[in-house]
1. For the range 382-435, what is the charge dipole size about the Cα centre, in debye to the nearest 20, if Lys and Arg each add +1 at the Cβ and Asp and Glu each add -1 at the Cβ?
2. Of the trypsin sites (Lys or Arg not before Pro) in the range 388-438, which ones lie in a loop per DSSP and count no more than 14 other C-beta atoms within 10 Å?
3. Under the rule of -39500 (n - 2.57) per DSSP H run of 4 or more residues, summed and divided by the residues of the chain, what mean residue ellipticity at 222 nm is obtained, to the nearest 500 deg cm²/dmol?
4. Treating the beta-carbon of each Lys and Arg as +1 and of each Asp and Glu as -1, no other charges, what is the dipole magnitude of the chain about its Cα centre, to the nearest 20 debye?
5. Write out the chymotrypsin sites (Phe, Trp or Tyr not before Pro) in the range 275-322 meeting two conditions: DSSP loop, and at most 15 other Cβ atoms within 10 Å of their Cβ.
6. Only counting other Cβ atoms within 10 Å, I'd like 324, 220 sorted with the fewest neighbours first.
7. Once the cut-off is 35 Å, how many percent of the Cα-Cα pairs in the chain end up in the long-distance tail?
8. Can you put 176, 103 in order of Cβ neighbours within 10 angstrom, beginning with the fewest?
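Any read-out appearing in this document is the output of simple, stated calculations on the displayed coordinates, not a laboratory observation. Note that the structure is predicted; figures quoted are calculated from it, not measured. Cβ placement follows ideal geometry from the backbone for every residue including glycine, while neighbour counts extend to all protein chains displayed.
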Amino acid sequence: MSETLFSGMPTVRYAGPDSRDPLSYRYYDANRIVLGKPLGEHLRFACAYWHSLAMNGSDPFGTPSLMRPWMRTADPMQGAREKADAAFDLFRVLDVPFFTFHDRDIAPEGEDLRGSLSNFHEMVDYLGARMQTSQTRLLWGTANLFSHPRFMAGAATNPDPDVFAYSAATVKHCLDATKTLGGDNYVLWGGREGYETLLNTDLRRELDQLGRFLSLVVEYKHKIGFAGQILIEPKPKEPTAHQYDFDTATVYGFLQRYGLEGEVKLNLEGNHALLAGHSFEHEIAMAAAFGILGSLDINRGDPLLGWDTDQFPMNLNETAMALYHVIKAGGLGLGGCNFDAKIRRQSIDPADLVHAHVGGMDHCARAFLIAAAIVEDGQLDAALAERYAGWTGAGAREMLKGKMTLEAIAAAAEDRNLSPQPRSGGQERLENLLSRFF
Ligand code: XUL
Ligand code: CO
């Protein structure tokens with residue numbers, strides 16, 4: 001492997017909470033046993049290729065601020081190989097167990113569909129070779145069905161059936177590649193699956209197209225024996241004014257409508273939750289309640305801004321409560337914590353990328369330890385059980401079994417001449433209890 005931007009950097013190691021070395025892990029001790037298994041296996045961190053390797057610091061008001069060496073290479077395929085070398089060297093520095101990518105992050109667009117697929121598979125082979133000598137595995141693959149102008153009116157929901165077919169071909173090959181590289185999940189984020197104005201949009205048709213597309217993906221997953229999970233990533237807006245996969249609840253309704261609720265789970269993102277007017281913990285708890293919690297894009301947004309800033313997570317309370325609900329849901333299983341997060345436009349040094357991930361991983365590890373301590377303490381759980389204790393009684397349970405009619409419940413209530421007394425929700429007491437763990 002050639003020299004990379006990260007060649008001179010040693011692998012970041014766990015050094016304990018007292019460490020003064022900014023490039024050491026203070027909380028992320030991957031082998032530490034927490035709640036019966038190693039911390040690393042709970043968190044399953046992933047580095048996102050697009051933000052870490054492909055992003056050049058440009059924003060709607062400015063040209064690129066960080067030009068990486070591989071972005072200057074004249075031959076795009078040679079540039080893609082240099083980018084991959086840098087990627088795996090970065091993974092070595094971070095000692096990160098997983099990575100994630102879109103087809104377009106790892107390989108340049110070709111002249112036409114065949115050319116693009118050929119570039120893609122050549123780079124998938126290259127990544128496969130890199131993975132032979134790396135500890136870093138693939139958490140998930142996905143397709144970029146939103147950057148090229150052909151997708152400006154959507155991919156599966158496009159009014160042009162050729163774009164639907166083009167997208168189907170792209171996803172087929174990305175799913176093949178994800179399986180070949182041993183990925184644990186395949187993610188579909190609905191890039192431009194949404195609308196700007198109803199004046200030119202047939203909602204019913206577009207939703208049916210999206211439902212059909214997803215069914216095709218699920219059928220193909222089974223056909224090739226991909227053992228991983230298919231995940232939808234909800235987001236309420238941006239780039240379109242109204243994205244179809246708005247939030248957890250919306251996607252669950254969509255999955256039910258197209259008969260896919262047993263087949264597809266969710267990849268939930270912190271910043272997307274915020275844009276939907278929810279908290280990250282709300283989205284996680286809601287997905288857990290529906291049994292569709294799959295994986296996390298663990299990042300944070302800026303509550304003062306209305307767009308996806310994709311910052312590295314750094315709000316301890318928010319992350320700890322998000323991970324608390326993950327633990328309560330039984331963990332992430334095949335999912336993980338993917339840093340769908342980017343450094344700021346001014347963070348132009350290669351080291352900034354390393355600091356960002358080290359900080360993110362350490363932050364999440366610390367938050368997980370706090371969440372685990374809350375679970376182990378059990379007082380929050382006990383308070384919840386106590387609040388709903390009335391429902392453990394036989395008469396109460398009978399009402400939910402589907403056997404009692406409204407009249408029967410009414411008759412029983414009248415018979416007992418019920419006069420329920422209000423009880424405190426105890427919110428402040430519970431908040432005080434929680435603050436003891438931070
Ligand atoms: C966009 C976003 C994507 C998905 C993968 O907001 O989160 O990067 O995670 O396509
Ligand atoms: Co994301």
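1. 140 debye
2. Those satisfying the criteria are 401, 403, 416, 423, 436.
3. Working: 16 runs with 197 residues, N = 438.
So the helix-based figure for the chain works out to -14000 deg cm²/dmol.
4. With Lys and Arg at +1 and Asp and Glu at -1, about 660 debye.
5. Here the sparse-neighbourhood loop sites are 307.
6. 220, 324
7. Across the chain, Cα pairs with separations above 35 Å total 34 percent.
8. 176, 103
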